[in-house]
Structures are given as C-alpha cells and as structure tokens.
1. I need the full set of residues from the range 151-180 which are touching a residue at least 60 places away in the same chain (Cβ under 8 Å) and either assigned to a strand (DSSP E or B) or exposed (fewer than 14 other Cβ atoms within 10 Å of the Cβ) (or both), in order please.
2. Quick test for you: out of 93, 56, 67, pick the one residue that is under 22 Å from residue 162 (Cβ atoms) and in the same structural domain as residue 46 (by TED's automatic domain parsing).
3. Tell me, please, whether a residue that is within 25 Å of residue 185 (Cβ to Cβ), assigned to a strand (DSSP E or B) and touching a strand residue (DSSP E or B) at 6+ places or on another chain (Cβ under 9 Å) can be found in the range 119-128.
4. Go through the range 62-85 and count every residue that is part of a helix (DSSP H, G or I) and surrounded by fewer than 19 Cβ atoms within 10 Å (Cβ to Cβ).
5. Restricting the search to the range 131-152, which residues are in contact with a helix residue (DSSP H, G or I) (Cβ under 8 Å, 6 or more places away or on another chain) and over 23 Å from residue 176 (Cβ atoms)?
6. Go through the range 47-56 and count every residue that is under 11 Å from residue 129 (Cα atoms) and buried (at least 19 other Cβ atoms within 10 Å of the Cβ).
7. Mind telling me which of the residues 87, 99, 52 ends up being closer than 14 Å to residue 146 by Cα and either modelled with pLDDT of 95 or more or in contact with a strand residue (DSSP E or B) (Cβ under 7 Å, 6 or more places away or on another chain) (or both)?
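The values are calculated or read from the model by the stated rules, or taken from the named source; none is laboratory data. Quick caveat: nothing in here was measured; it's all calculated off a predicted structure. Cβ sites come from the backbone with ideal geometry, for glycine too, and all protein chains shown count toward neighbours.
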C-alpha cells in the first residue's frame, strides 16, 4: 500500500512540475521557430540614407530582412526591390520588423544618392534603412555575416570585387541568421520568407547579451 501511495505521490509531483514548466516556459518553446541557424551578425557601423551611423545595436530585438543592391542597377535590382517593397507593405506596422538594404556600389552610392533612392520608394526609413560605407566592410558582412554571397568570391583587390545578388537573408531578434537564403525574384521563395518572418516575430528576444556575444546593451 505504501508503495502504491508513493507511486501516486511521485506521479502527482511530476504532473505538477510539468504543468508549471509549460506555464512559465512552454509558451516560449511552442513559439520558437524551427528555422536553421546559419550564422551570426557581426559588429558593423555604416551611414544610412540620412548620414546617421547605423550599427548592429540598431537591429537588436528586430526581425530583419537583409539585401544588397545598387541604385544605378538596371537589371535585377528594380525587380528585387519591387518585391522587397511588397514585404515592407505587409510588415511595416510590425514594431519588431526592419528591412536593411546595403549598397554593393558604395563608390557611387553616396549618402545623398541613397537618400534620393529611398525617397523614390516612398517608404518609412525607420522601417526600411539604406546603408552605404566602405566597400570591403560591406562585402565582408554580405559574405561572412549574412551568407548571401559565397566567401570564395573574395578577390585580392577590392576594386575588382563586385557583388550582384538577388538573395535575401533573414535575421532574428537575437542577431542570428536564420532559415535559407531567399531568392528575391521568385514568388515561391518570397512566400516562404513571409511565413518565416511571421514565425520569427513570435519569438522573444534574449535579455542582456545577444547571440554569440557580438551584441550587447551598449551601442
């Protein structure tokens, strides 16, 4: 009889523990996306379209879609950013959402030129920012943080290097690059991106230090 009572007691304790586990942690677990983790956003600092320095601290707590383009592009860039604007329109009212577009031709894409381009799209630059800066630093982020261009494409002379990619990267609230690279010209991949954004928006940001220690609470 004592063994039976002990068994009931152990079962009851386990049941209560499981209940409290799901009350305090279960919702977080259920809301976490299963998207693969591909890497981490490293430290960066680039001037935006208003000439204000934009850094990795500015994307803390944000789900970000990232791409590269250049303002004088007559090929894939207009189509790519037209599709990006559809993403912008769908998520612009989400407080934890942001689009970050980088120039891959910073020698020509000055701050005023990026400002003119952003104005032409008629978007809120608090929700969609346009960055320029040093070419080598911009390219390093594309290849080694966001993974939207193969690191093997690096050439010895940065002046001879050029990135021209239609791929988007997705970053979660903790600075982790998630999911796949998304082809910004293919509707099925844009639909997958929309779904993945929604999943990451449900996740909670970590408190204190972010991701692999690159992010912290200080700009």
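1. 167, 168, 169, 170, 171, 176, 177, 178, 179, 180
2. The match here is 67.
3. Yes, the range 119-128 contains at least one residue that is within 25 Å of residue 185 (Cβ to Cβ), assigned to a strand (DSSP E or B) and touching a strand residue (DSSP E or B) at 6+ places or on another chain (Cβ under 9 Å).
4. Residues in the range 62-85 being part of a helix (DSSP H, G or I) and surrounded by fewer than 19 Cβ atoms within 10 Å (Cβ to Cβ): 5 in total.
5. 132, 135, 136
6. Result for the range 47-56: 3.
7. 99
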